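Comments concern the structure below.
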């Protein structure tokens, strides 16, 4: 009885794995048939040392991924599989140091891999007063790697910079936090939204141009 239960469990796990593999293979075939570039968007690496009391990497990663997926021009590999591959790959490699030879073998079944680094996220007070309005300085490094050939190549590498005015009543000490229902219409939420929109647009444009070659 016990051996029978164990055997049944093993068969179920095997069939589940096969189904998952078939689903992944079918999705990739559909992506190729529709001529949509297959893309892994690696979660944003946060090197900004911002004082935000939430995970700004996750916030920006979700927002950018959603924007890339909305237009349905790219086939986006699932968030969880990419995060698992990225965790392993980035523990041994830095995608921003110029050496991209490892990217193709670290992200199999892909055509393009997108890396982003939040480099700067800080407020600059406009006056010496304690409750001064501020300028929010943002900068993100973007690297898009084409891994369709044996030798990976960079198709986009740039730093996107933005500056946004933050009224004194919404500066760092009084910010609306992410996931608050009013965050998206707050000055910080609007600034992040504009940044994510530009980043997603740049990435999509360059991938579509490269993919057409």
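The values are calculated or read from the model by the stated rules, or taken from the named source; none is laboratory data. Remember, it's a predicted structure, so these values are computed and weren't measured experimentally. In this analysis, Cβ positions are derived from the backbone assuming ideal geometry, glycine residues included, and neighbour counts consider all displayed protein chains.
Brief remarks on what is shown
- Flag if residue 111 is within 29 Å of residue 150 (Cβ to Cβ), modelled with pLDDT of 95 or more and surrounded by 13 or more Cβ atoms within 10 Å (Cβ to Cβ): yes
- Test for residue 120: is it surrounded by fewer than 20 Cβ atoms within 10 Å (Cβ to Cβ), touching a helix residue (DSSP H, G or I) at 6+ places or on another chain (Cβ under 7 Å) and under 22 Å from residue 50 (Cβ atoms): no
- Yes/no for residue 169 being in the same structural domain as residue 43 (by TED's automatic domain parsing), more than 26 Å from residue 72 (Cα to Cα) and in contact (Cβ under 8 Å) with a residue 60 or more places away in the chain: no
- The residues of segment 123-146 that are surrounded by 13 or more Cβ atoms within 10 Å (Cβ to Cβ) and more than 17 Å from the chain's Cα centre (by Cα), listed by number, are 123, 125, 126, 132, 133, 134, 135, 136, 137.
A quick yes/no check of all residues on (1) touching a helix residue (DSSP H, G or I) at 6+ places or on another chain (Cβ under 9 Å); (2) assigned by TED's automatic domain parsing to the domain that holds residue 201; (3) under 24 Å from residue 198 (Cβ atoms); (4) not in a loop (DSSP other than H, G, I, E, B):
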{"position": "69", "(1), (2), (3), (4)": "no, yes, yes, yes"}
{"position": "72", "(1), (2), (3), (4)": "no, yes, yes, no"}
{"position": "80", "(1), (2), (3), (4)": "no, yes, no, yes"}
{"position": "88", "(1), (2), (3), (4)": "yes, yes, no, yes"}
{"position": "129", "(1), (2), (3), (4)": "yes, yes, no, no"}
{"position": "137", "(1), (2), (3), (4)": "no, yes, yes, yes"}
{"position": "140", "(1), (2), (3), (4)": "yes, yes, yes, yes"}
{"position": "150", "(1), (2), (3), (4)": "yes, yes, no, no"}
{"position": "162", "(1), (2), (3), (4)": "yes, yes, yes, yes"}
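- Residue within segment 68-76 that is closer than 16 Å to residue 38 by Cα, without any contact (Cβ under 8 Å) to a residue 60 or more places away in the chain and loosely packed, with under 14 Cβ neighbours inside 10 Å present: yes
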